[in-house]
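For reference, the structure discussed in these notes is given below.
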Amino acid sequence: MPLEALHEEITPPGLHYILTHFDIPYLDQTAWRLRVGGAVQHTLELSLADLLEGPVVTVPVTMECAGNGRSLLMPRPLSQPWRLGAVGTAEWQGVPLGYVLGMAGIDADALEVVFTGADAGIQGGVVQRYGRSLPVSEAMRPDVVLAYRMNGSALPPQHGFPVRLVVPGWYGMASVKWLAAIDVVVSPFEGFQQSVAYRYQEGPEDPGTPVTRIRVRSLMVPPGVPDFFTRRRTVPPGPVLLQGRAWSGGGTVERVEVGIDGQWIPAGLKEAPGPFAWRPWSCEWLAEPGEHVLMCRATDSTGACQPLDQAWNYQGMGNNTVQKVHVMVEEAAGPLSHP
């Protein structure tokens, strides 16, 4: 997502970030079926029409890739070279996952729910379909959705058509696209995307700990205009409205501060469109000629605050260090002042 799209409360599908591990599967919605099985009392096979007959929920969700910001780490971990744009907020509409699991009837000894996509490939030498699991308690949350619409329209192919999972508050790897099967299991799921990928590791031999909820974060709409190659910003002197959005999967954003050359001032906050969607913030800066470094940092209701320096990890996961924007303020207002 280009950071200027932070102006949008709801990100258009074409600007929302996308990560596909393998090829995008092109599925016939009339032939598509979702199988629900495993440790359940009733095995189900549901068509899209079946899901459309169920209760409908719409949830605004800020979704972020767990590797967002990876390319800013040194040395850079080997994977998708995200800078800061692996994020977006959409309104996801569908049937609550808990409703479908209730239809199936989960066995008393169930531990996790496994979600398998239709996308297939090879990663780490392992032939696989993309699969992830959630603890039963998370899967039964009323806001976890089997989504078939995005921003009021059918899911685009790249966003999981015809049905995908959406897990508010968790990094995007949990929201399995092109959903093909749901299996309730009585022991921990050991699939590649669960036990090898998406781990906080110190090195390749470290088993690490699992990536789960989104760490608190804020981003700023880049002010002024960019230089083509360096992307450094140029702004006119005088009042400049700095604005952006902040979010957290572990709590609600309670404070955003803006750093001007190392001096922190509070930003004004407005309400989020939902409990798992980003909050808009703004702050006016009286820009004086010269070079400046702008930053923003958020704090959530758990007390978690963005760090000034990012702790390195082997897969480059969970990066939420403060954003730094280098700005040159012109000596006098000129042609760039009025686009």
Can you list residue pairs whose Cβ atoms sit under 6 Å apart, with the first residue in segment 57-68 being in the same structural domain as ALA272 (by TED's automatic domain parsing) and part of a strand (DSSP E or B) and the second being at pLDDT 95 or above and of a type in the set (Asp, Glu)? Count only pairs 6 or more apart in sequence or on different chains.
none
With the structure loaded, tell me whether GLY208 is surrounded by 12 or more Cβ atoms within 10 Å (Cβ to Cβ) and not aromatic (Phe, Trp, Tyr) or whether it fails that test.
yes
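Residues checked against (1) touching a strand residue (DSSP E or B) at 6+ places or on another chain (Cβ under 6 Å); (2) assigned to a loop (DSSP other than H, G, I, E, B); (3) among the hydrophobic types (A, V, I, L, M, F, W, C):
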residue: TYR130; (1), (2), (3): yes, no, no
residue: LEU134; (1), (2), (3): yes, no, yes
residue: ARG141; (1), (2), (3): no, yes, no
residue: TYR148; (1), (2), (3): yes, no, no
residue: PHE161; (1), (2), (3): no, yes, yes
residue: ALA180; (1), (2), (3): yes, no, yes
residue: ASP183; (1), (2), (3): yes, no, no
Which residue, of GLY88, GLY98, is of a type in the set (Gly, Ala, Ser), at pLDDT 95 or above and either assigned to a loop (DSSP other than H, G, I, E, B) or within 17 Å of the chain's Cα centre (by Cα) (or both)?
GLY88
Among the residues of segment 123-156, which ones are surrounded by fewer than 15 Cβ atoms within 10 Å (Cβ to Cβ) and touching a residue at least 40 places away in the same chain (Cβ under 8 Å)?
GLN123, GLY124, VAL126, PRO142, GLY152, SER153
State whether one or more residues within segment 200-214 are in contact with a Pro (Cβ under 9 Å, 6 or more places away or on another chain), more than 30 Å from PRO266 (Cβ to Cβ) and not small (Gly, Ala, Ser).
yes
Limited to segment 224-267, what total is found for residues that are in contact with an Asp or Glu (Cβ under 9 Å, 6 or more places away or on another chain), among the aromatic types (Phe, Trp, Tyr) and surrounded by fewer than 18 Cβ atoms within 10 Å (Cβ to Cβ)?
1
Would you tally the residues in segment 268-319 being crowded, with 20+ Cβ neighbours inside 10 Å, over 21 Å from the mean Cα position of the chain (by Cα) and assigned to a loop (DSSP other than H, G, I, E, B)?
0
Within segment 218-266, how many residues are assigned to a strand (DSSP E or B), in contact with a His (Cβ under 9 Å, 6 or more places away or on another chain) and within 26 Å of GLY318 (Cα to Cα)?
2
Output yes when any residue across segment 88-102 is outside the structural domain of PRO280 (by TED's automatic domain parsing), in contact with a Lys or Arg (Cβ under 6 Å, 6 or more places away or on another chain), over 28 Å from MET317 (Cβ atoms) and surrounded by 17 or more Cβ atoms within 10 Å (Cβ to Cβ), and no when none is.
yes
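The values are calculated or read from the model by the stated rules, or taken from the named source; none is laboratory data. Just so we're clear, the structure is a prediction, and the values are computed from it rather than from any experiment. Reconstructed Cβ throughout: ideal geometry from the backbone, glycine too, with neighbour counts over all protein chains shown.
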